[in-house]
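The values are calculated or read from the model by the stated rules, or taken from the named source; none is laboratory data. Predicted, not measured: the structure shown is a model, and the values here were computed from it. Neighbour counts run over all protein chains shown; Cβ positions are idealised from the backbone, glycine included.
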Amino acid sequence: MTAIQICALISIVIAAGILYWIGYRGGLTDGKNDGYDEGHSDGYALGREEASAAYATSLNKMSDQCMRTELLLSREPQDRYTLLAIAEKLKLAADTFRAVRSESQAVQALALCDKARNMAALMDRFELKGDAV
């Protein structure tokens, strides 16, 4: 091989390498851009769906809580007094069960008495004070 042929061969190899490198870099850049665009749009759609589901869930929770609060507020003070009277009767029943040596029944009656008092205490928090318009 002559010097010109060797230079031509080296030039062809270098040109092919440069051409390959340019094609590789261009393809890599295009692939990253396409992947980013697809990932961005997919992530955006997924994020909107998750946000919509979370919004619906929180809206349901808030409406349930609102309904429970309205139910508590709609109770009249007489309901609270009724619960307190039930609690007193259950305490009397527990004392009676204890007198006849039926401890399991006494424990159940005391547990129900505590539940009734707790329910009355919850209703006491929502009782309106003073003049409400």
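Miscellaneous remarks
- Candidates in segment 1-25 are the residues that are hydroxyl-bearing (Ser, Thr, Tyr) and assigned to a helix (DSSP H, G or I); of these, the one that is farthest from the chain's Cα centre (by Cα) is 11.
- Taking (1) within 52 Å of the chain's Cα centre (by Cα); (2) modelled with pLDDT of 85 or more in turn, residue 34 satisfies each apart from (2).
- Those residues of segment 82-106 which are among the aliphatic types (A, V, I, L, M), without any contact (Cβ under 8 Å) to a residue 12 or more places away in the chain and assigned to a helix (DSSP H, G or I), in sequence order: 85, 92, 99
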